[in-house]
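What follows is a set of notes on a single structure, which appears directly below.
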Amino acid sequence: MPEYDPKTLARMQWLRDEINRHNHAYYIQDSPEVSDAEYDRLFDELSGLEAAHPELVTPESPTQRVGAAPLDEFETVRHSLPMLSLNKATSKEEFLDFHRRVRDLSGLTDGEIQYTAEPKFDGLAVELIYREGIFRLGCTRGDGIVGEDVTLNLRTVKSIPLSLLGGSFPELLEVRGEVIMTKEDFAGLNRERERTEQPLFANPRNAAAGSVRQLDPRITNTRPLTLFAYGTGRVEGEGLTHHWDSLQRLKRFGFRMSEHARLCRSVDEVIEYHQEILGKRDGLPYEIDGIVIKVNAFSVQQTLGELSRSPRWAVAWKFPAQQENTRVEDIIISVGRTGSLTPVAVLSPVRVGGVEVSRASLHNDDEVRKKDVRIGDTVVIQRAGDVIPEVVKVVESKRTGEEREFVMPGTCPECGSRVERPEGEAIHRCTGFACPAQIKENLAHFVSKGAMNMDGLGRRLLEQMVDKGIIRDPADLYFLDKETLMKMDRMGDKLADNLLDAVAKSRKPALANLIYGLGIRNVGYHLAGVLAKEFGSIENLAAQDIEKLEDVHEIGPTVARSLYSFFHDPTNLRILEKLKDGGMEFPVEQAPAGESPLAGKSFVLTGGLATLTRDEARSIIEKLGGRVSSSVSKKTDFVVAGKEPGSKLDKARDLGIEVLNEHEFKKLVER
């Protein structure tokens, strides 16, 4: 191994430690110590040093959180200790029954039993494995015995330390926690998915679980996820005697813990805690559905033991469900940005979990039929995820015979154009190009933060402009003048200047923002970035046929058809030309000089390599533009086979895929 300047090595390690410290302050303690600019300077310096010395990059470096290639499927992981599910209590009496069992089986008195209590997060349970303080593997709970290897995805979660803080930690530490999404972040994610015509997540738990189980870690990286640690599995090299102490130690190691966790020294304290957290539930930034109570002493836990799937020393005391009954006064239609017609239930206002609910989406005509929701029905309403009101079911016993079935209209309620349901879709769509509802939604999307970012151009102002006939498409925004703006209601001189300034600034957009802002069906912000990087310009993207679009990694047939249709629609082409006439400069992103030798190539690693770890080989491939898959398919370009390669080598040979030994692999990457 070549020698390196000790100052360089020391500087790289200092930068890693400093960046990790700032990440902990920002994501765990919510108290950043430096500005974003200063943080970026440190991060950029480390990235530059690692680019100059790639052989010195370590898996736990903060630069290595993002960028892994998508997987074809998840590998499975067997938990060394089962991740058991918890028995449930739904009342004070049921909790007291649990306590009596603990007392009787342990032989202890009330005064000798202590419990830890903390909120029961509604997310995805995971296990993180650290060896000698370094994060090595992360997996889902699965069935409690076997989970899925989601290491690459969990590495993108900023609240998960890649290396433990402090100078002393166990040789092996298994940390268990819950990956969640806050209510605010969940609402923002669903607004984004609604804009891009993607199915909405039902609640924050589904959103968190779906984000962690993405085959592409880069998608997980775009999702606002947080991990709260709640305990440990196997620990080697250092042990503690009480659960409460283990929680404090995890906090010192750099994990985020619930600030509401508490050591309860009596049964009465647990009951008081349950009432306290129930009262705080609606005000918490994240979803909880109860509290978790655990016997504090590990020795007592061992005495109590376990049932087949649940421990005798812990219980989940659930909160009452947040559901109410109300009446469907009407079912109306909401027209979306791409002409989608969504049935919406207009409800007799009812308070659900402290929030007044008067409307609930019924999603599509199939959902209305499936639940058999009729105008005049009494229905059960649930605040799914404490955010989206949902019709759970109809109370058929309340029917009087006067209820009316909903019929999807044949014409658009906004513009009168014909409504059709495209083959293979669950959504009815308006066919009118000039539908004012679509125009308003398109404009709101075009000026949004992820697109043209025209600060100040809110929905009400845009709707007013459409209603007055001032704008009919996004390009009209670039022909606005102050005289026209001053005709708007509540428009002042300074506000008009600010709006025109925002429009002017958007004339030089980044390519990804422009692609996203065009509102192409099925193309969200992430895919817009993929397309910008792949094609480099709007003109080049517009020139591609469906087959070439499908060749792009992450672009499937549905997205390819959407792109092709968009750029072959005369109306859209006219608007693109009109944007140029309005002064927009279509960006051109230059490709890096000299194509990477492994660009676009797919590798599968199997067997043990003599001079490289699996992570090191993966890192080399990805730095040279390739990607690593976990399974062999027709799309695989190379299989790198080490010792004891297994069935992947046989499959590669059956498919005629080129197989490289370690020496041949090194020759390929050193070209």
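The values are calculated or read from the model by the stated rules, or taken from the named source; none is laboratory data. Just so it is clear, the model here is predicted, and its values are computed rather than measured. Cβ: placed from backbone, ideal geometry, glycine included. Neighbour counts: every protein chain shown.
Worth pointing out:
- Search result, residues across segment 273-283 that are at pLDDT 90 or above and surrounded by 13 or more Cβ atoms within 10 Å (Cβ to Cβ): 273, 274, 276, 277, 278
- Screening residue 85 with (1) among the polar types (S, T, N, Q); (2) touching a Lys or Arg at 6+ places or on another chain (Cβ under 8 Å); (3) over 21 Å from residue 160 (Cβ atoms); (4) at pLDDT below 80 gives one miss only, at (4).
- Picking from residues in segment 624-664 that are under 13 Å from residue 601 (Cα atoms) and over 34 Å from the mean Cα position of the chain (by Cα), the one that is surrounded by the most Cβ atoms within 10 Å (Cβ to Cβ) is 657.
- The residues listed here are 201, 186; of these, the one that is in a helix (DSSP H, G or I) and in contact with a helix residue (DSSP H, G or I) (Cβ under 6 Å, 6 or more places away or on another chain) is 186.
- Answer residue from segment 20-55, given it is modelled with pLDDT of 70 or more and of a type in the set (S, T, N, Q) and is surrounded by the fewest Cβ atoms within 10 Å (Cβ to Cβ) among those: 47
- Matching entry among 178, 174 (being in contact (Cβ under 8 Å) with a residue 24 or more places away in the chain, of a type in the set (Asp, Glu), over 19 Å from residue 286 (Cβ atoms) and in a strand (DSSP E or B)): 174
- Any hit, segment 234-244, residues being buried (at least 22 other Cβ atoms within 10 Å of the Cβ) and either in contact with a strand residue (DSSP E or B) (Cβ under 9 Å, 6 or more places away or on another chain) or closer than 22 Å to residue 77 by Cβ (or both): yes
- Qualifying residue in segment 169-187 (condition: crowded, with 18+ Cβ neighbours inside 10 Å and polar (S, T, N, Q)): no
- Set 328, 346: member being assigned by TED's automatic domain parsing to the domain that holds residue 416, in contact with a Gly (Cβ under 7 Å, 6 or more places away or on another chain) and not in a loop (DSSP other than H, G, I, E, B): 328
- Hits in segment 292-324 - residues which are of a type in the set (S, T, N, Q) and in contact with a strand residue (DSSP E or B) (Cβ under 6 Å, 6 or more places away or on another chain): 296, 301, 310, 322, 323
Conditions tested, residue by residue: (1) modelled with pLDDT under 85; (2) of a type in the set (Val, Ile, Thr).
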| position | (1), (2) |
| --- | --- |
| 369 | no, no |
| 372 | no, no |
| 410 | no, no |
| 415 | yes, no |
| 422 | yes, no |
| 427 | no, yes |
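- Applying the condition of being modelled with pLDDT of 80 or more and under 19 Å from residue 628 (Cα atoms) to segment 58-76 and asking which residue is surrounded by the most Cβ atoms within 10 Å (Cβ to Cβ) yields 74.
- Number of positions in segment 349-371 that are farther than 27 Å from residue 422 by Cα and not in a strand (DSSP E or B): 2
- Contacts under 6 angstrom Cβ, first residue in segment 241-268 being at pLDDT below 90, partner surrounded by fewer than 20 Cβ atoms within 10 Å (Cβ to Cβ), 6 or more apart: 241/298
- The set of residues in segment 272-312 that are among the polar types (S, T, N, Q) and out of contact with any Phe, Trp or Tyr (no Cβ under 8 Å at 6 or more places or on another chain) comprises 275, 299, 302, 303, 308, 310.
- In segment 88-111, the count of residues that are crowded, with 18+ Cβ neighbours inside 10 Å, in a loop (DSSP other than H, G, I, E, B) and polar (S, T, N, Q) is zero.
- Among the residues making up segment 208-217, those that are more than 15 Å from residue 288 (Cβ to Cβ) and touching a residue at least 60 places away in the same chain (Cβ under 8 Å) are 209, 212, 213, 214, 215, 216, 217.
- Restricted to segment 544-583, the set of helices (runs of 4 or more DSSP H) holding at least 2 residues that are farther than 24 Å from residue 503 by Cα and of a type outside the set (Ser, Thr, Tyr) comprises 546-550, 557-567.
- Helices (runs of 4 or more DSSP H) fully within segment 422-528 counting 1 or more residues that are charged (D, E, K, R) and either touching a residue at least 60 places away in the same chain (Cβ under 8 Å) or more than 22 Å from residue 342 (Cβ to Cβ) (or both): 436-446, 482-485, 493-505
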